[in-house]
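The structure appears right after this line, and notes come after that.
The values are calculated or read from the model by the stated rules, or taken from the named source; none is laboratory data. Note that the coordinates shown come from a computational prediction; the quantities given were computed from them, not determined experimentally. When we count neighbours, we look across all protein chains shown, and the Cβ atoms used for this are built from the backbone with ideal geometry, even at glycine.
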């Protein structure tokens, strides 16, 4: 399994951050995906990465200790799960997002490799954190 992890301290309490993250459609759009459709616990995402278009069907899951978690139901990965955790700090909350994934080489081929996927995923997570900071600014 490959892994991408990003953390940032945000000057807001954990409950406020958790509440904003629960607006899953807006939170996923903040990552810069080209298309986001949320229906209940299911999300359909589409995003251009390099010369490829990635389409994923994700399912929200309850995982103890997470503010938000989802896993791939259908898409380019053999498996993929993302977890967001919150830890209160003296000046706010440390938000950590971690995506673990295994590449389905037969589907991805030479168009995308782990380096491209990691770079893209890191950018998406950073954009979500930027959005949280803007949404929760005083």
Q.
The conditions are (1) touching a residue at least 24 places away in the same chain (Cβ under 8 Å); (2) under 18 Å from residue 137 (Cβ atoms), and residue 15 fails exactly one of them. Which is it?
A. (1)
Q: Take the residues in region 1-26 that are within 24 Å of residue 102 (Cα to Cα) and in contact with a helix residue (DSSP H, G or I) (Cβ under 6 Å, 6 or more places away or on another chain), then tell me which one is surrounded by the fewest Cβ atoms within 10 Å (Cβ to Cβ).
A: 2
(Q) Considering only residues that are at pLDDT below 95, closer than 16 Å to residue 6 by Cα and in contact with a helix residue (DSSP H, G or I) (Cβ under 9 Å, 6 or more places away or on another chain), which ones fall in region 98-123? (A) 101, 117
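Test residue 95 against the criterion of being at pLDDT below 95 and over 20 Å from residue 38 (Cα atoms), and give yes or no.
So residue 95 does not fit the description; no.
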